[in-house]
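Notes for the one structure printed next.
Read the figures in this text as sums done on the coordinates, not as results from a lab. Everything numeric in this text was worked out from a predicted model, so none of it was measured. Virtual Cβ from ideal backbone geometry, glycine too; neighbours counted across all protein chains shown.
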Amino acid sequence: MNEKEIFKLLNWLDFLAERQYGIVTDYFNELQWRLIRQYIRQSRLDSNLMEHTLTAYKKISAGNSRLKNLSDAFLIKKIKKHLFGNKFDFRYLCLYHVIVGCNLLSVDMEQSDVVKPLFGKKKEIDVYAFLEKKWKKRKIACTLSPTEEFITEYLNPYETFDVKNVAVCANMSAGKSTFVNALLGDDYLPARNEATTACVTSVYDCDYMDHINGYVMTGNQIADVAVRLDAPVLDRWNSDSSLKNRHIYLQGNLDNITNNDAIVVVHDTPGVNNSGDFNHKQITYDFLNRSKLDLLIYVANMTQLGTSDEERILKDLARLATEKKIPTFFVLNKADAIDEEAESLDEIVARFKNDVEKCGFKQCAFFPVSSMAARLLKMKLKGKEGLFSSKEKRRFAIFFEEGMDLNLQIEKTGIIAVERAIDAVVAGNWQ
Ligand SMILES: Nc1nc2c(ncn2[C@@H]2O[C@H](COP(=O)(O)OP(=O)(O)OP(=O)(O)O)[C@@H](O)[C@H]2O)c(=O)[nH]1
Ligand SMILES: [Mg+2]
């Protein structure tokens, strides 16, 4: 089973949940659901996926359970009665969405008992031609454009792109998850001042998304899926130890990292020096050893550099990076907590660089960053400051004084430099 295939399904559910067709919406949703079921059966995806997808779809589409007992034929009759009985252009839009759904889910319209009767004598080509004519007259441009955008921005390119893997690793509480949240410009991944991340969480970059879809696997089984998921769901997935060997897969927009030629996947990993749970080290090292990595990002807690725990992990990672020829970035995190009057960031970076080279790294790049400030500032710039806790509000006021130009401040958090560098590695412009 392939991640892109599951994201495709979740995105389609997500997209459909936003479409409304007045009185026929319930029937249409049920029809789409039957299509999705056909797709899951046909492509032999995990059988759990069906059950979890249905739950997720019901949640977002406020599904009408009375309809599930209707036969395909009756459902189609209802849709036809409402759609074809009137002259609204949007019956074509509805058909168009069925065509898009079939293409997306690789359901052969000619072979599908669900779809074929819906179209009757109308052919796919007639629907396109009709819509194109209307499109030119701009009559339905506002209704059609989100679908067009979905197809051109997401459907067409995403599937053909290569995946580039970026692993984020470090000791406990260095700020890995906060750093990944800063890349996303939101507060999705659980981050706390204790051993927090308990499984690998892989974030697939998708430029057009403004929220997160995802699922959790236990070994080869899908354990749950969610569309437009929020921090509590992720917290639950991350901490539910009854989900053995879990791995969380998310899709969302990593700011300033583009899907031009490839999909960047950032993997957040558990901290390796968790003395309370040695399993965390095992999970992270197993992941690093078995994955094909394009970039390693080591997150160092700038306020606690040079510990013996750090030396151990740096030596292990240097061996891995040399053996597999993986470029490595060092994010010196928590730069906001440094008293620059006592020692400058440059001096600290130079000292750390020396330590890192002694552990066996060559050709690395170093970035002082405040992931916390970057995450808060990005949320503010997106108008999401209403989600700040009282502590975050106080922190924000300390980081950014009243009257500052916030667009300029984002550079100073250091996050943009890392994002540009990741983009350059993926594009092959990094040496
Ligand atoms: N001052 C400051 N605190 C930070 C920053 N980044 C993270 N923190 C704090 O450091 C603590 C640990 O952050 P996490 O992001 O959970 O660290 P982690 O490396 O993912 O930890 P594990 O998953 O347990 O290994 C939290 O209390 C964060 O709020 C930062 O840039 N500045
Ligand atoms: Mg973490």
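Using amide H atoms built in the peptide plane, which far-off residues or other-chain residues are under 5 Å from Asn273 H to H?
Residues meeting the amide H criterion: Met172.
Could you check which residue among Leu13, Leu35, Leu381 shows the biggest mean-square fluctuation in a GNM of the chain with a 10 Å Cα cutoff?
Its mean-square fluctuation being the largest, the pick is Leu381.
Could you give the semi-axes, largest first, of the ellipsoid that matches the chain, computed as the square roots of 5 times the alpha carbon gyration tensor eigenvalues and rounded to whole Å? Don't skip to the end; give the middle numbers.
Details: eigenvalues 417, 106, 75 Å².
Those come to 46, 23, 19 Å.
Count the net charge of all other residues whose Cβ sits under 10 Å from the Cβ of Phe388, scoring Lys and Arg as +1 and Asp and Glu as -1.
Values: positive: Lys380, Lys384, Lys391, Lys393, Arg394, Arg395; negative: Asp187, Glu385, Glu392.
Local charge sum for Phe388: +3.
Skipping prolines and chain starts, which residues have an amide H placed within reach, meaning under 5 Å, of the one on Val163, given they are 5 or more residues away or on another chain?
Here the answer is Ile263, since their amide H atoms fall under 5 Å of that of Val163.
What's the ranking of 395-402, 174-181, 274-281 by average number of surrounding C-beta atoms within 10 Å, highest first? Could the numbers behind the result be given before it?
Values: 395-402: 12.8, 174-181: 26.9, 274-281: 14.9.
Averaged packing, sorted descending, gives the order 174-181, 274-281, 395-402.
Which value at 222 nm does the chain reach when only helices count, each DSSP H run of 4 or more adding -39,500 (n - 2.57), with the total divided by all residues and rounded to the nearest 500 deg cm²/dmol?
Details: 18 runs with 209 residues, N = 431.
After summing the helix terms and dividing by residue count, I get -15000 deg cm²/dmol.
Taking only Cα atoms and a 10 Å spring cutoff, compute GNM fluctuations for the chain and point out the largest among Asn103, Asn253, Asn165.
Asn103
Around Ala73, under 11 Å between beta carbons, what's the net of Lys plus Arg minus Asp minus Glu among the other residues?
Numbers: positive: Lys77, Lys78, Lys80; negative: Asp72, Asp113.
So the surrounding residues net to +1.
In the structure shown, do any of Lys244/Lys334; Lys80/Lys134; Lys324/Lys380; Lys164/Lys353; Lys4/Lys315 have a Cα-Cα gap over 29 Å, and if so which? Write out the running numbers ahead of the final one.
Details: Lys244/Lys334 32 Å; Lys80/Lys134 21 Å; Lys324/Lys380 39 Å; Lys164/Lys353 26 Å; Lys4/Lys315 34 Å.
Check vs 29 Å cut-off fails for Lys244/Lys334; Lys324/Lys380; Lys4/Lys315.
Over the chain, with a Gaussian network built from C-alpha contacts below 10 Å, which listed residue (Lys80, Lys384, Lys133) shows the highest mean-square fluctuation?
The residue that fluctuates most here is Lys133.
Sort 299-309, 68-78 for me by packing, meaning the mean count of neighbouring Cβ atoms within 10 Å per residue, highest on top. Provide the component values of the computation, followed by the final result.
Numbers: 299-309: 16.8, 68-78: 14.2.
Highest mean packing first, the order is 299-309, 68-78.
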